[in-house]
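The values are calculated or read from the model by the stated rules, or taken from the named source; none is laboratory data. This structure is a prediction, so every number in the text was calculated from the model and none was measured. Here the Cβ is made from the backbone with ideal geometry for all residues, glycine too, and neighbour counts use every protein chain on show.
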Amino acid sequence: MTDALGRFLAASTEFAQRLPSVRPELWTAPTPCAEWSVRQLVNHMVRGNLNYVDLLAGGTRENFLHMRDADALGNDPLGAYAASVQLVADAFSRPGALDQMLDYPLGQVTGRQALAVRATDSAIHAWDLARALGVDDRLDPGLVTWISDNLETIYAGLAESPIAADTTHRFFAAPEALGESASRQDQLLHLTGRDTGWQPH
């Protein structure tokens, strides 16, 4: 297993571990992503995984954006998420996949960089899900450290980046770190546009 794929799977596990805590009444609960309920957040993750597989198969950024909000959960959100992760693992483990150029909406990326972006997205959204559900939101420290130390490489060449001063700040906060007393996780969450004090209503 490559490091790129291993990190994606580790981040996906962070998200998957919180999913069983979604009680029926919580699917409509708010999340730190203001425009999404819990179900919409989970759908974003599943649809995103499917879209990455599509990119690897020659899909375009236009189709990626067109399908971004299409329902991918059906009646089995947990099963849909697990299946989508496996599809990514299978697709990106094929020979040559990590070096293939993909037509990602924020810029052309290799399969390897795409997996790094996906791992980052999965880890941050695992925190979003945990906070929405009121469960343990501590992410794997090794994963947090790797993402924090490699943000420049992960987002290199993309139109939006948590460390670029000229980003739109639609997705990411201004690129200054919190005080030295803040944990690595809180600093990373801040850079990726999260309010670490957010609580469910």
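Close Cβ contacts (under 6 Å, 6 or more residues apart or on different chains) running from residues in segment 101-122 that are free of Cβ contacts under 8 Å to residues at least 24 places away in the same chain to residues that are surrounded by fewer than 22 Cβ atoms within 10 Å (Cβ to Cβ) and among the small types (Gly, Ala, Ser) are absent.
Count of segment 1-26 residues, restricted to those that are surrounded by 18 or more Cβ atoms within 10 Å (Cβ to Cβ) and without any contact (Cβ under 8 Å) to a residue 40 or more places away in the chain, is 0. Kindly establish whether Val46 is more than 24 Å from Leu158 (Cβ to Cβ), surrounded by 20 or more Cβ atoms within 10 Å (Cβ to Cβ), of a type in the set (A, V, I, L, M) and within 16 Å of the chain's Cα centre (by Cα). Answer is no for this residue.
Scanning segment 27-69 for residues that are in contact with a Ser or Thr (Cβ under 7 Å, 6 or more places away or on another chain), without any contact (Cβ under 8 Å) to a residue 24 or more places away in the chain and within 19 Å of Asp195 (Cα to Cα) turns up just one, Ser37.
Per-residue answers, yes or no, for (1) under 16 Å from the mean Cα position of the chain (by Cα); (2) loosely packed, with under 14 Cβ neighbours inside 10 Å; (3) free of Cβ contacts under 8 Å to residues at least 24 places away in the same chain:
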residue	(1), (2), (3)
Ala130	yes, no, no
Leu133	no, no, no
Asp137	yes, no, yes
Pro141	no, yes, no
Ile154	yes, no, no
Thr167	no, no, yes
Ser181	no, yes, yes
Leu188	yes, no, no
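Being part of a helix (DSSP H, G or I), touching a strand residue (DSSP E or B) at 6+ places or on another chain (Cβ under 9 Å), hydrophobic (A, V, I, L, M, F, W, C) and at pLDDT 95 or above: is that true of Ala132 here? Judged against the criteria, Ala132 is a match.
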